[in-house]
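K.L.:
Next up is a structure, given as structure tokens.
Laboratory data are not the source of any read-out in this text; all were calculated from the coordinates shown. Since the structure is predicted, the reported quantities are computational estimates derived from the model, not experimental observations. Cβ atoms come from the backbone with ideal geometry, glycine included; neighbour counts cover every protein chain shown.
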Amino acid sequence: MKIKEREPLRNHSYIRIGGPARFFVQVKSIEEIIETIDMARKMSLPYYIIGSGSNILFPDEGYYGIIIKMTELNEILISGNKATIKAGTQIPLLVKELQRAGLSGMEQLSEIPGTIGGAIAGNAGAFGREIGELFTEGVVLTPDGHLEKVSQKELNFEYRKSDLKKFGILVEATLKFATSSPEKIEMAMKEFKKKRRETQPVGELTLGSVFKNPEGVSAGYLLDKAGLKGYSIGGAKFSEKHANFIVNFNGATCKDVIELIEIGYKRVKEMFNIELEREIIVLNPFDNFVRGN
């Protein structure tokens, strides 16, 4: 278990924003998660679980507790048409393993940069596929330190959300797939990759979609019609390529991004009477994982 003090959270963020965490722990096992949470309780500190930092905005002032990073808790076990995956496993790595095994179902999600745990918590999706459709069961670490199984039905998957946090910390998930050939899977992945690169600011510093899509319309369309493509504050801007992405183009701060989010929400509400719901997670300095955001 690696413990660091005053670790800059920008080093663990896809948008490269965030001050230092009081403690930063990289865990490799369930036992290390339990040990770190015990440490937080003994020190009366909040703690927060993260994966790859692909959709979480860290505060400029940092985090006053313990950040627990899960990306070294990674293992994939394939049996038949199912895969059992540790929660810190990166989705692109998982998709490559599934392709080798001739298992189809995640091609649309192949370029989502997060971990399987974060994807399931937020029911991540792309191009008409949501990960909750593939989920059969998982193992969670409950607040009292026990391991319990959870089913697809219990997690109550909906558009970009689940009830996972009600049960605890996901440590393992089992997903079910269709069988196909590695060649067909690769062709599908290339097609979705092409579509994504044509429409999204791939390669820039972003946290993915800022807002969830309201029913029947895309948030990007609403933000575009509100005149926000390219609109900037400080070092952050709404992408010229897709208005539902905020890009750190010049040393942006958390404050810059939050101001843009607030402007986007306000403009769309004024013009369309639609209240956009945020998709990215905004972490506050004293947030505690067991309470959520």
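K.L.:
What are the DSSP H helices in the chain that stretch 15 Å or more along their long axis, judged by alpha-carbon atoms, and whose average Kyte-Doolittle hydropathy comes to at least -1.0?
P.N.:
Counting only whole DSSP H runs, the qualifying helices are 30-42, 254-272.
K.L.:
Output the direction-averaged projected area (hull surface divided by four) of the convex hull of the alpha-carbon atoms of the chain, in nm². Don't skip to the answer; put the middle values down first.
P.N.:
Values: hull surface 58.7 nm².
Value for the chain: 14.7 nm².
K.L.:
Something else now. Taking Cα pairs under 8 Å and at least six residues apart, what relative contact order does segment 1-110 come out at, in percent? Display every interim value, and only then the final one.
P.N.:
Values: 199 pairs, mean separation 26.5, N = 110.
Value for segment 1-110: 24 percent.
K.L.:
For 38, 287, which order do you get if you count the other beta carbons within 10 Å of each Cβ and list the fewest first?
P.N.:
Listed from fewest to most nearby Cβ atoms, that is 38, 287.
K.L.:
Work out, step by step, the length gained on full extension between residue 183 and residue 259: first 0.36 nm times the residue separation, then minus their alpha carbon distance; give nm to one decimal.
P.N.:
Here the answer is 22.8 nm.
K.L.:
Multiplying the sequence separation of residue 176 and residue 29 by 0.36 nm and subtracting their Cα-Cα distance, what value in nm do you get?
P.N.:
Details: separation 147, 0.36 × 147 = 52.92 nm, distance 2.39 nm.
Separation in residues times 0.36 nm, less the Cα-Cα distance, equals 50.5 nm.
K.L.:
Just grab the label-to-label distance for residue 6 and residue 240, each label 7 Å out from Cα along the Cβ direction, in nm (one decimal).
P.N.:
Between residue 6 and residue 240, the label points sit 4.0 nm apart.
K.L.:
Could you calculate the contour length gain from residue 147 to residue 41, that is, 0.36 nm times the residue separation minus the distance between their Cα atoms, to one decimal place in nm?
P.N.:
On the way: separation 106, 0.36 × 106 = 38.16 nm, distance 1.88 nm.
Gain in length upon complete extension: 36.3 nm.
K.L.:
Something else about it: Using square roots of five times the C-alpha gyration tensor eigenvalues, list the equivalent-ellipsoid semi-axes of segment 171-293 in whole Å, biggest first.
P.N.:
Square roots of five times the eigenvalues give 29, 20, 16 Å.
K.L.:
Given the pairs 82/153; 229/255; 86/241; 28/165; 193/241; 161/269, which span a C-alpha to C-alpha distance of over 25 angstrom in this model?
P.N.:
From the list (82/153; 229/255; 86/241; 28/165; 193/241; 161/269), the Cα-Cα distance tops 25 Å for 86/241.
K.L.:
Got the relative contact order for segment 202-281 handy, in percent, Cα pairs under 8 Å and 6 or more residues apart?
P.N.:
36 percent
K.L.:
How far is the Cα center of segment 196-245 from the Cα center of segment 262-285, in Å?
P.N.:
Using only Cα atoms, the two centres lie 12 Å from each other.
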